[in-house]
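The values are calculated or read from the model by the stated rules, or taken from the named source; none is laboratory data. Everything numeric in this text was worked out from a predicted model, so none of it was measured. Heads up, the Cβs are rebuilt from the backbone with ideal geometry, glycines too, and the neighbour counts pull from every protein chain shown.
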Number of protein chains: 2
Amino acid sequence: MNVEIVFSPKKSQDYTIFIDSDFQIRLDGRVAIVTNPKVAGLHLQALLSHLVADEIFIITLPDGEAYKNQQSIDLIHENLFNHRFNRKSTLIALGGGVIGDMCGYAAATYQRGIDFIQIPTTLLAQVDASVGGKTGINNRFGKNLIGAFHQPKAVYIQTAFLETLPSREFAAGVAEIIKMAVMFDRDFFEWLQCHDLHEDEHLRYAIKRSVEIKAEVVAQDEKEQGVRAVLNYGHTFGHVIENETGYSQYLHGEAVAIGMVMANMLAQSLADMRQEEADAILKLLQRYDLPTSYEIDSVEQFYQAFFHDKKASDHAIAFILPKGIGAYQIRQDISKDQLLSVLREMEA
Amino acid sequence: MNVEIVFSPKKSQDYTIFIDSDFQIRLDGRVAIVTNPKVAGLHLQALLSHLVADEIFIITLPDGEAYKNQQSIDLIHENLFNHRFNRKSTLIALGGGVIGDMCGYAAATYQRGIDFIQIPTTLLAQVDASVGGKTGINNRFGKNLIGAFHQPKAVYIQTAFLETLPSREFAAGVAEIIKMAVMFDRDFFEWLQCHDLHEDEHLRYAIKRSVEIKAEVVAQDEKEQGVRAVLNYGHTFGHVIENETGYSQYLHGEAVAIGMVMANMLAQSLADMRQEEADAILKLLQRYDLPTSYEIDSVEQFYQAFFHDKKASDHAIAFILPKGIGAYQIRQDISKDQLLSVLREMEA
């Protein structure tokens, strides 16, 4: 299978997402591949064998979310200036979501914006982060709080890169695939119930379908002023869990898996999800060994943490909730009492 | 006179440039005014008397180009996070080009972009920097090398703010007005020859005409891939002069004035400008006490410095040159010898 999805976040910015395609990249001008030492060891040779450019530079950043900060952006920029990169140069992100977000933000802000290409090497990045143009870094106030919207010129998804992916990271990517299905596509959810994503062919279809859904959503709402927020199903709860556990205990997709279960509980309490639907989602998450419960120490503290999310408006939090499977709602009318009663179900 | 220019850099991003209009600003949500201590002392009270918002915060940055760096952006962002600014909040730039560029870049990168309003308090910023959405900061490699395109929601130009402007800064703004006329509008140039911009009414017309020209140019080419580059007439030479003199001897507009004279000399050597045209431009610059000559220490060094400009491509420098008065050309075919012979005319 060789899939090419032409994605148009804006009329002027079409770009193509290639899935297991020929993977031949030909670029004019200087090119820098931004990656980390581990990914470089695994996949750089493969990329270089498919890349032709006038001059190629490799910039490696230390591995991990802890380095997703302004210092790393400065480091990328220093390298670009030292090697005389100009507005016609291109950056290539080779790595997971952290590398993609940083490389994208470095490209967005170098000389007011240069081209970049996404080559995601984790399942999570392949189905989610690499498509849609969100770029950014963390700071001491939280995750992704500094950033820009900057669409890549192209996205190359190679499932071969996933062969070396640890199983926990694979599962974390599956969580985002399940998220897409629950929110937008009941048929896809039912397909997921009876196909194992550890089989190549099924995995490729699931990636394709997830990227299609994401591309449709972002094309409707690039700057997340409406429907794009639905992609945050499970994330409002998940972010608090990641924060409380210092971003060390759970992978992002794992925290989102727990967050989806909590969002489902809230939907059930509003009579917007039946028990067997919640059970079906839970079962699918568990099949991939994803965590589905969390011990809340203090429900009051957990509740207060919602308001530190950047998506929170001044006085209301928008909750992204399923309506059954395959449909969604955005609710700003959830009372504190309704929330606390859901949180108490997970109280330690 | 009460002028409103509706400016459309992109269909989705119309905004209005108000010139000496009623100046009533009503904003929802949190608002931060970004300014410096000197400008705040002169103009903050006037702005506050015309501004209504839910909550208003004032952020002052140290005065001067030396502080146009990432640390100042971090300082703005820290304040915004501390005061729980969200995606519906607005920044207002009150100051000259440095404040406008920094405030705009802080807005471009806070939570992937929030609204900002330009209230320029120098003539240079009123006729040039505040319109067009270029935002950015300097780093050790040069000026404006880090940045983003981010259009303001509105621009309020109040000529009353210019009453306190030092005369050198006023003249530096006039240099950019003359630049617009020479490149794009011969009638405007002739009008400038017989009207003194120290008179309020004439100044207002000149600002209006300059902003109209700039808005037309940017609407055609927001990201500076074509005609927008013409606004850099005088800047290629000017940047080298600013660099050689450590950004301390000349104001930006002053360096541009010298740069225009040098660009004219190059145009003359190509037979694209007559002596009397060059003289007319020189005379207009001198009428406002702008510098028009510079002693070049080493022509070879001056020549090499062109290649450090971010607009320089790998092998060719694009020179923006007048063709007479009121028309322009972009030339990438100027040989080193042609350039050196012009530079030698200014050799010390």
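Here are the numbers:
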| item | result |
| --- | --- |
| Top-ranked residue of region B:110-134 - restricted to ones that are on the phi < 0 side of the Ramachandran plot and polar (S, T, N, Q), ranked as modelled with the lowest pLDDT | B:130 |
| Strands (runs of 3 or more DSSP E) lying entirely in region A:118-201 (those with 3 or more residues that are among the hydrophobic types (A, V, I, L, M, F, W, C) and within 14 Å of chain B (Cβ to nearest Cβ)) | A:142-149 |
| Count of region B:50-90 residues which are part of a helix (DSSP H, G or I), surrounded by 14 or more Cβ atoms within 10 Å (Cβ to Cβ) and over 28 Å from the mean Cα position of the chain (by Cα) | 1 |
| Residue within region B:162-177 that is of a type in the set (Phe, Trp, Tyr) and either free of Cβ contacts under 8 Å to residues at least 40 places away in the same chain or in contact with a strand residue (DSSP E or B) (Cβ under 8 Å, 6 or more places away or on another chain) (or both) present | no |
| Total residues in region A:134-149, condition surrounded by fewer than 22 Cβ atoms within 10 Å (Cβ to Cβ) and within 25 Å of residue A:15 (Cβ to Cβ) | 2 |
| First in region A:75-92 and of a type in the set (Val, Ile, Thr), second anywhere and in a helix (DSSP H, G or I), Cβ under 8 Å, 6 or more apart | A:76/A:102; A:76/A:103; A:76/A:106; A:92/A:47; A:92/A:103 |
| Breaking point among (1) closer than 16 Å to residue A:330 by Cα; (2) at pLDDT below 95; (3) in contact with a helix residue (DSSP H, G or I) (Cβ under 9 Å, 6 or more places away or on another chain), for residue A:229 | (3) |
| Pairs with Cβ under 8 Å, 6+ apart, first in region A:246-267 and on the phi > 0 side of the Ramachandran plot, second surrounded by fewer than 23 Cβ atoms within 10 Å (Cβ to Cβ) and in a helix (DSSP H, G or I) | A:247/A:65 |
| Residue B:317 vs. criteria within 24 Å of residue B:181 (Cα to Cα) and at pLDDT below 95 | yes |
| Complete set of residues in region A:195-247 that are surrounded by 22 or more Cβ atoms within 10 Å (Cβ to Cβ), of a type outside the set (Val, Ile, Thr) and farther than 18 Å from residue A:169 by Cα | A:214, A:231, A:232, A:233, A:237 |
| Residue under evaluation residue A:107, criteria (1) on the phi > 0 side of the Ramachandran plot; (2) buried (at least 16 other Cβ atoms within 10 Å of the Cβ), criterion not met | (1) |
| Flag for residue B:220 being without any contact (Cβ under 8 Å) to a residue 40 or more places away in the chain and either in the same structural domain as residue B:248 (by TED's automatic domain parsing) or of a type in the set (Val, Ile, Thr) (or both) | yes |
| Breaking point among (1) in a loop (DSSP other than H, G, I, E, B); (2) at pLDDT 95 or above, for residue A:280 | (1) |
| Residues that are within 14 Å of chain B (Cβ to nearest Cβ) and not in a helix (DSSP H, G or I), drawn from region A:92-115 | A:110, A:111, A:112, A:113, A:114, A:115 |
